[in-house]
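The structure under discussion appears below in the form of C-alpha cells.
Read-outs throughout are calculated quantities, based only on the coordinates presented, and are distinct from any laboratory measurement. This structure is a prediction, so every number in the text was calculated from the model and none was measured. In this analysis, Cβ positions are derived from the backbone assuming ideal geometry, glycine residues included, and neighbour counts consider all displayed protein chains.
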Amino acid sequence: MKPIEEILERENKLSAYDLLGCRHHFPVLRQQVNGKPLVYFDNAATSQKPQVVIDTIMRYYQEENSNIHRGVHYLSERATRAYEAAREKLQKFINAASYEEVIFVRGTTEAINLVASSYGRTNVKRGDEVLISALEHHSNIVPWQMVCEEKGATLRVIPMNDKGELQLDQYEKQLTNRTKIVAITHVSNAIGTINPIKEMIAMARLRGIPVLVDGAQAVPHMKVDVQDLDCDFYAFSSHKMFGPTGVGILYGKKSLLEAMPPYQGGGDMIKSVTFEKTIYNDLPNKFEAGTPSIASGIGFGAAVDYLKNIDMQGVATYEHELLTYATEQLSSIRGVRIIGTANEKAAVLSFVIDGIHPHDIGTILDDEGIAIRTGHHCAQPVMQRFGVPATARASVAFYNLKDEVDVLVRGVHKVIEVLG
Ligand code: PLP
C-alpha cells in the first residue's frame, strides 16, 4: 500500500467532500494490524468514532458526571442539559416534529422490542397479522414472532426476488384488514438493498396500517426525514453512525406513543407512585425507565453534530462510487459470486467464493489487515433465501478509500491462491 498521505490526497480529489479531513478524525484507522495498515470494512457491524465523540465522552466523565433529571445540584443540572441537548440534536437530525417523539433506548434492538412489546401486545389480537419482510435482521423478526406466538396472530413475510428486492405487488396483496403493523428495514444489513420505504409506507397508510422502519443501516449513509417518510416508528443505533455503543433512538408519532402503555417500569418514567397507583410520566420519559447511558447519549449528540458538518449527499455519492468499483472488481474474479444485486443498494457487499467457507475468507483477509464480517449477519432467512449458510461482507463508510478496495481485491486473490 502506498504512503497513506499520498493516497488520501489522491482520493480527496476524487470525492465530493473533504475526505482527507474526515479520515484524519478517526484515530483508530491509523493503526497497523498484522503488520499491515488497517483496512476497516466492517462498518455495518459498527462504525469507527471520530475524535470529537471520544473527547466528548471523556469530558463528560472528567467534568460533568452526575445522574440526570433528579438532582438540583450544579453537576446534575449540567449533565441533564447536555443529555437533553443531545435529544434535541437528534430530533432536528431526523426532523421529528417534537422532542417528545424522540425516545432514548439502548439501540435498534431495544427500540423494536419496545414497539413490539408495548404497541404490539396492546393491538395485535388472535387472528391478526404482523407483516415483515424477507430482508429483516433478527431483531426485526424475533420480537414480532414473540408477540404473534403470545397472541395467536400470524407473521407474514413480504417476499423478495433473486436480486434481493422486495416484491411490491405481493406486498400490496398482503396488506389486509388483518394486518396490524408493518415492520420493515430501510436498508438490508446482509445484502445492502435499499427498500422503497416511502412508497411502502404510503401503501400501508392508505389502509390505515402503522409502519415501523428499522433504520439501523440507513441513518449513517443518507438523509432521513421522518416527517417526509410519514413513518409511525423509526429505530436506529448510535454506534452504527459514528457514535458510542449503548444508545439508540426510537422515533414514534406522538399520538401513538401517548396511547401506548410503558415498556418498563422504574424510576424516571413516573410522576407519582403509591402502593395503590402509579401515575406515569409524560413523553418521552414514560418510555425511559432507570438511569440511561448518559455519557453515550451525550456522545451521540456529538456524533450528530459531526455528521451535520458532512455533506451527506456527497457521502451517498462517494459510497456509491466505492460500491460500484468494488462490485466490478470482485465480480470479475473467477469463483466469486455477489449475493444481493438490487438496483438500489447501499455500500454493503456480500459475496461467496466457490468451495471456500466465508470464515476462512475472513481469516486470510485478517492476516492482510483487512476487517470484514463473515457469517449470517443476524439475517439467517436471507441466507436461506439465497441458499448459502453464510457470506463474507465488506461494508464501507465515508472514510474508506478506493485504494482500500484494491487491497481487498488483492486479498481475495490471495484467499483463492491459498485455499482455492
Ligand atoms: N437492524 C439492522 C438492519 C441491523 O443492521 C442491526 C445491527 O446490525 C440491528 C437491527 C440491530 O442493531 P443493534 O445491535 O445496534 O441493536
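Axis angle, to the nearest 10 degrees, between helix 312-331 and the longest C-alpha principal axis of the chain: 50 degrees.
Straight-line reach only, C-alpha to C-alpha below 27 angstrom: list the lysines that residue 223 could link to, leaving out same-chain residues fewer than 8 apart. Hits, sequence-local ones excluded: 13, 49, 89, 92, 163, 198, 240, 253, 254, 308, 345, 402. A DSSP coil position with no more than 16 other Cβ atoms inside 10 Å describes the following chymotrypsin sites (Phe, Trp or Tyr not before Pro) in region 272-364: 275.
Here the dipole of the chain is about 760 debye; that uses its Cα centre as origin and unit charges on the Cβ of Lys and Arg (positive) and Asp and Glu (negative).
For residue 264, the residues whose amide H sits under 5 Å from its own are 289, ignoring neighbours fewer than 5 places away on the same chain, with H placed 1.01 Å from N. A straight chain from residue 245 to residue 177 at 0.36 nm per residue would run longer than the Cα-Cα distance by 20.6 nm.
The separation of region 126-141 from region 206-236, counted between C-alpha centres, amounts to 16 Å.
Estimated from the Cβ-Cβ distance and a Förster radius of 25 angstrom, the FRET efficiency linking residue 313 and residue 199 is about 0.75. Report summary: the helix-based calculation at 222 nm, which adds -39500 (n - 2.57) for every DSSP H run with n ≥ 4 and divides by the residues of the chain, gives -11500 deg cm²/dmol.
How far, in degrees from 0 to 90, does helix 358-367 lean away from the longest principal axis of the Cα atoms of the chain, to the nearest 10? It is inclined by approximately 70 degrees.
The value of relative contact order for region 262-353, using C-alpha pairs under 8 Å at least six residues apart, is 18 percent. Taking amide hydrogens as placed 1.01 Å from N in the peptide plane, the amide H of residue 133 sits under 5 Å from those of 158, 185, each at least 5 positions away in sequence or on another chain.
When you restrict to C-alpha pairs under 8 Å that are six or more residues apart and normalise by the size of the chain, the relative contact order lands at 22 percent. The angle between the Cα long axis of helix 402-419 and the longest principal axis of the Cα atoms of the chain comes to about 70 degrees, rounded to the nearest 10.
Quick check: from the Cα gyration tensor, does the chain come out rounded (a/c under 1.5), prolate or oblate? The shape class here is oblate. Under a 5 Å amide H cut-off, with hydrogens placed 1.01 Å from N, residue 399 pairs with nothing among residues at least 5 apart or on other chains. For region 315-420, just say rounded, prolate or oblate: build the C-alpha gyration tensor, square-root its eigenvalues into a ≥ b ≥ c, call rounded for a/c under 1.5, and beyond that prolate if a/b exceeds b/c, oblate if not. Oblate. One decimal place: the segment residue 337-residue 67 gains 92.1 nm when fully extended, by the rule 0.36 nm per residue minus the C-alpha distance.
In the elastic network of the chain, a GNM with C-alpha springs shorter than 10 Å, the most mobile of 407, 182, 53 is 407.
Listed peptides 228-241, 151-164 appear in the order 228-241, 151-164 once ranked by packing, highest mean of other Cβ atoms within 10 Å at the front. Calculated FRET efficiency, residue 142 to residue 46, Cβ-Cβ distance, R0 = 25 Å: about 0.75 to the nearest 0.05.
Please find the FRET efficiency linking residue 169 to residue 325, where r is the Cβ-Cβ separation and R0 is fixed at 25 Å, and quote it to the nearest 0.05. The formula returns an efficiency of 0.15 here.
Taking a ≥ b ≥ c as the square roots of the eigenvalues of the alpha-carbon gyration tensor, region 84-192 is classed oblate because a/c is 1.5 or more while a/b is no larger than b/c.
Selection among 45, 71, 280 by position relative to the dipole of the chain gives 280 as farthest towards the positive end (Cβ unit charges, Cα centre). Calculate the length of the line joining the C-alpha centroid of region 87-107 to that of region 308-337, in whole Å. After rounding, the separation between the Cα centres reads 30 Å.
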